Amino acid sequence: MRGKLPVLILAPLLLLGGCDAFFTNVFEGMYTLEVPSQAELLTLPLSDLERLAEDPQFFDALAGDPAKEQAVLDNLAPQFVDGTADTPEEQKAAALYAEVLLRTSGTFDILGGGSFSALADTLDQFELAAEAEYPNLISSLVMDLFDGRTPDLAEIDTMLTSLGDAWSAYQAIGAGLAGGASLDPSLNAGDMLVFAAVGAVVQGAVVTDPPGQDLADLIDTALQGGDVSGYTITFTAPGVADGDPLYELMMAAGFDPADLGL
């Protein structure tokens, strides 16, 4: 499966491009959004949360107030807690849950726009690379993605966690599709697929050496200009067989894994 990993990500990234125009609000900056209280956010109907999420200020406010962010997540999570989002309401709740995580953690900005070309170029090299070369390839990718920015270890860990947790939400949507549900037309399968695929791969990347180190430590070391040759990484590619959540998301976005040789 190692050789299939780059193709799995490359197809949606290259064909869909970046997501820098995702949820653009033409009125951004013309007023200050009033974000409800923590208590109100915990009980607001999904439709109200969706209206708030149309404005980027909403995510900025949540990023600056972890208690409010958690209230939104706690509001949305029970709607797909069983791991399957098979109604329009559950699908939209799962999608917004993932978007909140990606936006407030900075992950959306890091992986947006031109960053996709850097990601695609590096992942393409994994097809022929030996596992011993993985750390240096990831180091090179990290330097391109962050482009001079140096988040601390805690921020890096938050970004990786957000990708993994967002993938769990997207998995619920994929599981619902596998059960026969149709994707709600208000959701963009292509946008979801990009982050779902990256999140699935992040969850499959495990640092096995040095002991006690993880992917966040490797990225932090790379950003600090350190030597990453001592790291050992193994990858477990996500399933893309008929019925697997990622397969269903790919099909919903118009990508048949069989046509990609998967």
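The values are calculated or read from the model by the stated rules, or taken from the named source; none is laboratory data. All values derive from a computational prediction rather than experimental measurement. Glycine also receives a Cβ, built like all others from the backbone with ideal geometry; neighbour counts cover every protein chain displayed.
Each row is one residue, and each column tells you yes or no for (1) of a type in the set (Gly, Ala, Ser); (2) assigned to a helix (DSSP H, G or I).
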site	(1), (2)
62	no, yes
71	yes, yes
82	no, no
85	yes, no
90	no, yes
94	yes, yes
Query - Hits in segment 206-250 (condition: surrounded by fewer than 19 Cβ atoms within 10 Å (Cβ to Cβ) and under 24 Å from residue 179 (Cβ atoms)) - result: 239, 241, 242, 243, 244
Requested in this report: Give the residue, chosen from 123, 16, 111, that is under 20 Å from the mean Cα position of the chain (by Cα), modelled with pLDDT under 95, more than 21 Å from residue 155 (Cα to Cα) and buried (at least 20 other Cβ atoms within 10 Å of the Cβ).
Outcome: 123
Query raised in the report: Quick one: is residue 200 outside any strand (DSSP E or B), touching a residue at least 24 places away in the same chain (Cβ under 8 Å), under 16 Å from residue 83 (Cβ atoms) and out of contact with any Ser or Thr (no Cβ under 9 Å at 6 or more places or on another chain)?
Result: yes
